[in-house]
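Structure first, commentary second.
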Amino acid sequence: ELHSHIKIYVAANTDAELALLTEHEIDSVPANHNMFVDETVFRPRPEIKPVYDAVYNANFSAFKRRELSADIARCVHIGYAAEPGSKDDMLKPFLAAQAEFPQHDFLNPRTEHSVRRLGPNEVNHVLARADVGLCLSEVEGPMVASMEYLLAGLPVVTTPNTGGRDRYFTPETAIVAE
């Protein structure tokens, strides 16, 4: 065949996915899309002093469990559209989250009718202003923000979860909290 020398591997988010793929004789490797986060953008910024205890970079959906951050004294939130197809309209979920946690800062720029998603360099700047990154959902995929936190030099506080975000966590970089 013309391309018989090409071998295709499937990236598995979790060990369970890897086992399932292997069981069905599908060539696979333990990896997820977090390995493609740009390390030239997400990096430590030691010249910026943290002013927040924690940052939560997550979409504005209930499954992200922002309520678990309620007792953090100095917490900052950044995020993006809550539902697929609403990339241009996240004002309603943003305002709802902001109203639920008035003690926290929400840094996405907003106008009367919209909220702007932060660009990668802006996200990295916000991460530099926090001591830890939060991962609070119970079930989701790899969670790109978890890798952004690590590359920015932040330790992670995560809840027990399924979906693969802990693929690149170590005991030195992440704490699992109930």
For the residue pair Ala99 and Thr173, what label-to-label distance in nm results when each label sits 7 Å from Cα along the Cα-to-beta-carbon direction? 3.9
Out of the trypsin sites (Lys or Arg not before Pro) in the stretch 1-91, which ones are loop residues according to DSSP with at most 16 other C-beta atoms within 10 Å? Lys7, Arg65, Arg74, Lys87
Please report, as a whole percent, how much of the solvent-accessible surface of the chain comes from carbon and sulfur atoms (probe radius 1.4 Å). 57
Relative pair counts by distance (%), Cα atoms of the chain, 5 Å bins: 1, 8, 15, 18, 19, 15, 9, 6, 4, 3, 1, 0, 0
In the stretch 1-99, GluC sites (Glu not before Pro) in a DSSP loop with at most 16 other beta-carbon atoms within 10 Å: Glu1, Glu25, Glu39, Glu47
So which aspartates and glutamates pass the test for Lys92, namely a Cα distance under 19 Å, with those fewer than 8 places away in the same chain ruled out? Glu67, Glu83, Glu100, Asp105, Glu112
Percent antiparallel among DSSP beta bridges confined to the chain, rounded to 5, stands at 5
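Could you report the chain's accessible area per residue, 1.4 Å probe, as an integer in Å²?
Computed with neighbouring chains in place, this is 57 Å² per residue.
The values are calculated or read from the model by the stated rules, or taken from the named source; none is laboratory data. The model shown is predicted, which means the values in this text are computed figures rather than measured ones. No Cβ is skipped: glycine too gets one built from the backbone with ideal geometry, and neighbour counts run over all protein chains shown. Ligands, DNA and RNA are excluded from the accessible area calculation, which covers all protein heavy atoms including side chains. Shrake-Rupley method; radii C 1.70, N 1.55, O 1.52, S 1.80 Å.
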